[in-house]
Amino acid sequence: MSELIRLTGLGKSFPQKFGNAVTILQDIDLTIGQGETVCVLGESGCGKTTLGKIIAGLSSYTAGSYQFEGQEVSQLKGESWKKFRSSVQLIHQNPYESLNPALMVFDIIANPIRRHQKIKNMDVLYQKVTELLETVGLTPVEDFVDKYPSFLSGGQRQRVSIARILAMDPKLIVVDEATSMIDTSLRISLLGTLKRIQEERNVSYFFITHDLALGRYFARGQRVSIMYLGRAVEEAPTDELVSAPKHPYTKAILSAAVGSSDILERYQGERYTLQGTDIPSFQHLPTGCALHPRCPQKIAGLCDCELPPLYSVGEGHRVACHLYRGSDV
Ligand SMILES: Nc1ncnc2c1ncn2[C@@H]1O[C@H](COP(=O)(O)OP(=O)(O)OP(=O)(O)O)[C@@H](O)[C@H]1O
Ligand code: SF4
Ligand SMILES: [Mg+2]
């Protein structure tokens, strides 16, 4: 599998009108291969969307490196920037805001084809739009081409968004909680469509979710990265992360999810509960390991002082926790 993107020590700070800049992302190392899915999972506000926007080229990074097909993204200009921007697309969380309400489905999909593939012939355009609507499961296409978004359900709008994105022929799609505003019954069907598109087009996904069961379902056989307050705390092959989690935070997420979904029945480990429910703010990040004020296993004098590096605990499995110091493989 050829490597598509590589993030090394990537960080993001936002300047503040008053006071110091606030750092949201720190030391993010991540690779995604062509045709691969990487899921990033973490609770609300931990920095997932910020990272997704950087990967999609919609936001800048302020530290480290982001290489797309071997080229540093911050250095891209002109045609190479345009090529990068069309190669990486983002599906928004809210299907009610992401489509232009004044355009018919036909034009929503035909416009990027006109721009990107320089096709003007109406018959060819119609054929291309039809193919894309079929790809995303909006059939019979005659029922959809001349509709405005307001006539469509959330799930159908999300499918139109995906068709529009596919018109750009992307290599990587950032899927940011794209099913969270869709009825549960339709969620799996939409995710199934995305998986089929991956098989047909060898597209890569950066799949963002706060829902462990959903991440586990979509990234089965692939990779997951668990994020806490802007840092990756554990990354592993999806099945291993669910059956043999290492980080106390991952164990707490799994413990909370067990029972809510039969997808997670494999977790037989200890049940973990974090102390307190308050998540520290980015303005006042705890010293050392950011989880230490909530961690039932914290080692006083170490966890509150030293930031744990990511220790390698198996093939493709790394964990940022002092409990695993000395176990680097
Ligand atoms: N432009 C900005 N300036 C300052 N802080 C920002 C800015 N954009 C985002 N943040 C902060 O960055 C943090 C992470 O936000 P982000 O939207 O990336 O989280 P998230 O993990 O996607 O959350 P959710 O699951 O709720 O979507 C939040 O504390 C947010 O307030
Ligand atoms: S480094 Fe310490 S505080 Fe952080 S998760 Fe590990 S044991 Fe808990
Ligand atoms: Mg978000």
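The values are calculated or read from the model by the stated rules, or taken from the named source; none is laboratory data. Everything numeric in this text was worked out from a predicted model, so none of it was measured. Heads up, the Cβs are rebuilt from the backbone with ideal geometry, glycines too, and the neighbour counts pull from every protein chain shown.
Considering only residues in the range 191-218 that are hydroxyl-bearing (Ser, Thr, Tyr) and within 22 Å of residue 54 (Cβ to Cβ), the one that is nearest to ligand 1 (Cβ to nearest atom) turns out to be 209.
Screening residue 199 with (1) surrounded by fewer than 17 Cβ atoms within 10 Å (Cβ to Cβ); (2) closer than 24 Å to residue 307 by Cα; (3) among the charged types (D, E, K, R) gives one miss only, at (2). For residue 285, the test of being more than 19 Å from residue 311 (Cβ to Cβ) and modelled with pLDDT under 90 is failed. Do we find a residue being within 16 Å of ligand 2 (Cβ to nearest atom), under 30 Å from residue 220 (Cα atoms), touching a residue at least 40 places away in the same chain (Cβ under 8 Å) and of a type outside the set (Val, Ile, Thr) anywhere in the range 44-60? Yes. Give me a count of the residues in the range 88-97 that are touching a strand residue (DSSP E or B) at 6+ places or on another chain (Cβ under 8 Å) and not β-branched (Val, Ile, Thr). Summing the residues that are touching a strand residue (DSSP E or B) at 6+ places or on another chain (Cβ under 8 Å) and not β-branched (Val, Ile, Thr) in the range 88-97 gives 4. I'd like to know if the range 44-64 contains one or more residues that are at pLDDT below 95 and surrounded by fewer than 16 Cβ atoms within 10 Å (Cβ to Cβ). Checked the range 44-64: at least one residue is at pLDDT below 95 and surrounded by fewer than 16 Cβ atoms within 10 Å (Cβ to Cβ).
On the stretch given as the range 219-249, residues that are assigned to a helix (DSSP H, G or I) and within 16 Å of ligand 1 (Cβ to nearest atom) total 1. Condition check for residue 38 on (1) within 12 Å of ligand 1 (Cβ to nearest atom); (2) within 17 Å of the chain's Cα centre (by Cα): one failure, at (1). Residue 286 meets each of the listed conditions (1) within 11 Å of ligand 2 (Cβ to nearest atom); (2) part of a loop (DSSP other than H, G, I, E, B); (3) within 23 Å of residue 236 (Cβ to Cβ) apart from (3).
Can you tell me which residue within the range 66-77, out of those that are surrounded by 15 or more Cβ atoms within 10 Å (Cβ to Cβ) and part of a strand (DSSP E or B), is nearest to ligand 2 (Cβ to nearest atom)? Of everything passing the filter in the range 66-77, 66 is nearest to ligand 2 (Cβ to nearest atom).
Number of residues in the range 305-329 that are more than 12 Å from ligand 2 (Cβ to nearest atom) and assigned to a strand (DSSP E or B): the value is 5. Among the residues of the range 151-181, the one identified as away from ligand 1 (no atom under 16 Å from the Cβ), among the aliphatic types (A, V, I, L, M), assigned to a loop (DSSP other than H, G, I, E, B) and touching a residue at least 60 places away in the same chain (Cβ under 8 Å) is 168. Of the residues in the range 35-45, none is closer than 15 Å to residue 68 by Cα, out of contact with any Ser or Thr (no Cβ under 7 Å at 6 or more places or on another chain) and away from ligand 3 (no atom under 16 Å from the Cβ). Does the range 93-105 contain any residue that is at positive phi, surrounded by fewer than 22 Cβ atoms within 10 Å (Cβ to Cβ), assigned by TED's automatic domain parsing to the domain that holds residue 141 and not in a helix (DSSP H, G or I)? No. Within the range 47-54, is even one residue out of contact with any strand residue (DSSP E or B) (no Cβ under 6 Å at 6 or more places or on another chain), in the same structural domain as residue 213 (by TED's automatic domain parsing) and either part of a strand (DSSP E or B) or aromatic (Phe, Trp, Tyr) (or both)? Looking for residues that are out of contact with any strand residue (DSSP E or B) (no Cβ under 6 Å at 6 or more places or on another chain), in the same structural domain as residue 213 (by TED's automatic domain parsing) and either part of a strand (DSSP E or B) or aromatic (Phe, Trp, Tyr) (or both), one finds none in the range 47-54, hence no.
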